[in-house]
Ligand code: G6P
Ligand code: ZN
């Protein structure tokens, strides 16, 4: 089989963002767009020859087309073996596990996460390295640099492989193994959690609803919750992956899972509701009459992890992204373990996990996970919650309230302003950045005094690298915080994210309405940054 070298010209926009290259499907459909990017990835790697590559995605529109291209380019570049999920499906955490389990060189994860799919929707390609986690910036920068100079890519003239038949097929000199996307992942989960205890919980009449949002977790959830754990059929809803996510928005938040939320707020509703996003790495947790914020969920999971067999000896430390609330910090303090504050993006947890400095990580953007893989993991979070509920025999609301009575409550909200003109958003951030040095000491309404104001810079304690300008932090003397940053995952215009947090002590008031509790911070943020004034919006596009 002769390798074909095809001439090409660079695209100027192949710069990976927070989570790989994410664009409209129409952008990926341009001639050689996918080929250029994948060849740029392979050109940036060392020692590809004979190694294993994992390939899979969330099943969204264009997944199958991109996978066939990726297989040919991988074979032409000398990979020895490709492991591909049946039907082209692999959840992001399952892909991470397969990479680690098979000592692969890395993997291509095809997804635009929680963004809508379909011909008018989004697509994405992300490269994960041998530890199973997203490529560090050193590699993504090399990929971008290569994409700016690329003049050819390598491929083969072979027919499409059959993505639906399990087993080995040959593409040139490379073996393609189509694997069950669920089996190895489900086996891993059984090593971490007490499946007998959770089975007992379901057998006692506990009712759960899991919304797979027509995305990749459907087959995983059916297998794990219904087949292995004995939850009744129908526990998993929207469980068949669809290339367009049934024209929905596979983002497990209170906007797109409103129906489930409302159901959980009724007395006849189930005991527990959960959901995961397009590629299965995010999670939403709702108990009867209690939505658990991702920041609280991280803190509660960390405080109770020892109740699950996989973490029975305790955790080494906790890491959270900078905009995530400080609720987890209090747990780390009590446990006497390390707490790390990292920039937004799961890739920043990789070194800490590899070095054994932390066991559990989380982000306000509905991501929680542990050292079992190097991605956040939606179903893992749901299973850890179930394990805790099974052992404690208390409801979600009781556990949350008990947590606040022990550690205090970090009232927390995020206000997003989407599709803001890039210029306007950039200038707004720059102007606020310029004001930061003068802010400490200033007093705003309700006697709120600024304790510090900076643009977050991260110094990785493991590899010594630095990442500057990761978001503006304005901290107040009472522990409250305003954080402002630009999203790194949007595909149209700019998204401004405003994060607000206020701490209420263990013996304080824990039953205030969140938006009211944070009202004065919202106004201070407006005084400082002028988001509403400058964007002409009178309210955020999304409040979470
Ligand atoms: C992706 C990443 C996360 C990140 C999130 C929000 O899901 O995997 O690590 O927290 O995007 O990023 P953004 O830049 O849009 O706030
Ligand atoms: Zn995702």
task: Could you state the angle between the C-alpha long axis of helix 183-192 and the longest principal axis of the C-alpha atoms of the chain, as a value from 0 to 90 degrees rounded to the nearest 10?
output: 30
field: Angle in degrees between helix 294-304 and the longest Cα principal axis of the chain, rounded to the nearest 10
entry: 90
Label-to-label distance, nm, for residues given as residue 240 and residue 168 (7 Å Cα→Cβ offset): 3.4
statement: Checking rank on 502-515, 80-93, 165-178, with mean other Cβ inside 10 Å and highest first, the result is 80-93, 165-178, 502-515
- request: Enumerate the residues in region 520-544 having an amide nitrogen under 14 Å from the point lying 7 Å beyond the Cα of residue 421 toward its Cβ.
  value: 533-537
query: Which value at 222 nm does the chain reach when only helices count, each DSSP H run of 4 or more adding -39,500 (n - 2.57), with the total divided by all residues and rounded to the nearest 500 deg cm²/dmol?
result: -9000 deg cm²/dmol
message: Below 8 Å, C-alpha to C-alpha, sequence gap of six or more: please give me the relative contact order for region 438-507 in percent.
response: 22
message: Over region 461-544, what is the relative contact order in percent, taking alpha-carbon pairs closer than 8 angstrom and at least six residues apart?
response: 17
message: Which residues does the label zone of residue 306 cover in region 193-225, counting backbone N under 16 Å from a point 7 Å along Cα→Cβ?
response: none
statement: Extension length gain for residue 512 and residue 254 (0.36 nm per residue less Cα distance), in nm, is 91.0 nm
- prompt: To the nearest Å, what is the center-to-center distance of region 357-429 and region 12-26, using C-alpha atoms only?
  reply: 26
- prompt: FRET efficiency for residue 289 and residue 478, Cβ-Cβ distance as r, R0 = 22 Å, nearest 0.05?
  reply: 0.15
Rel. contact order, % - alpha carbon contacts under 8 angstrom, at least six apart, the chain: 13
message: Checking a compactness column here: for region 185-407, what do you get for Rg(Cα) / (2.2 N^0.38 Å), N being the number of residues?
response: 0.94
Burial order of peptide ranges 408-418, 222-232 (average beta-carbon count within 10 Å, highest first): 408-418, 222-232
task: Among 498, 110, rank each residue by its count of other Cβ atoms within 10 Å, from fewest to most, as a rough exposure measure.
output: 498, 110
message: Quick check on the exposure proxy: order 291, 123 from fewest to most C-beta atoms within 10 angstrom.
response: 291, 123
- prompt: Could the peptides 296-304, 268-276 be put in order, highest first, of the mean number of other beta-carbon atoms found within 10 Å of their residues?
  reply: 296-304, 268-276
field: 37, 476 arranged by Cβ crowding within 10 Å, fewest neighbours leading
entry: 476, 37
field: Separation in nanometres of the label points that stand 7 Å from Cα toward Cβ, at residue 26 and residue 313
entry: 5.5
query: Taking the Cα-to-Cβ direction at residue 431 and at residue 465 and moving 7 Å from each Cα, how far apart do the two end points lie in nm?
result: 3.4
Angle in degrees between helix 396-407 and the longest Cα principal axis of the chain, rounded to the nearest 10: 60
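A short reminder: the numbers here are calculations on the coordinates, not readings from a lab. Note that the structure is a prediction, hence the values are computed from the model and not measured. A quick note on method: Cβ atoms are made from the backbone with ideal geometry, for glycine too, and the neighbour counts reach across all protein chains shown.
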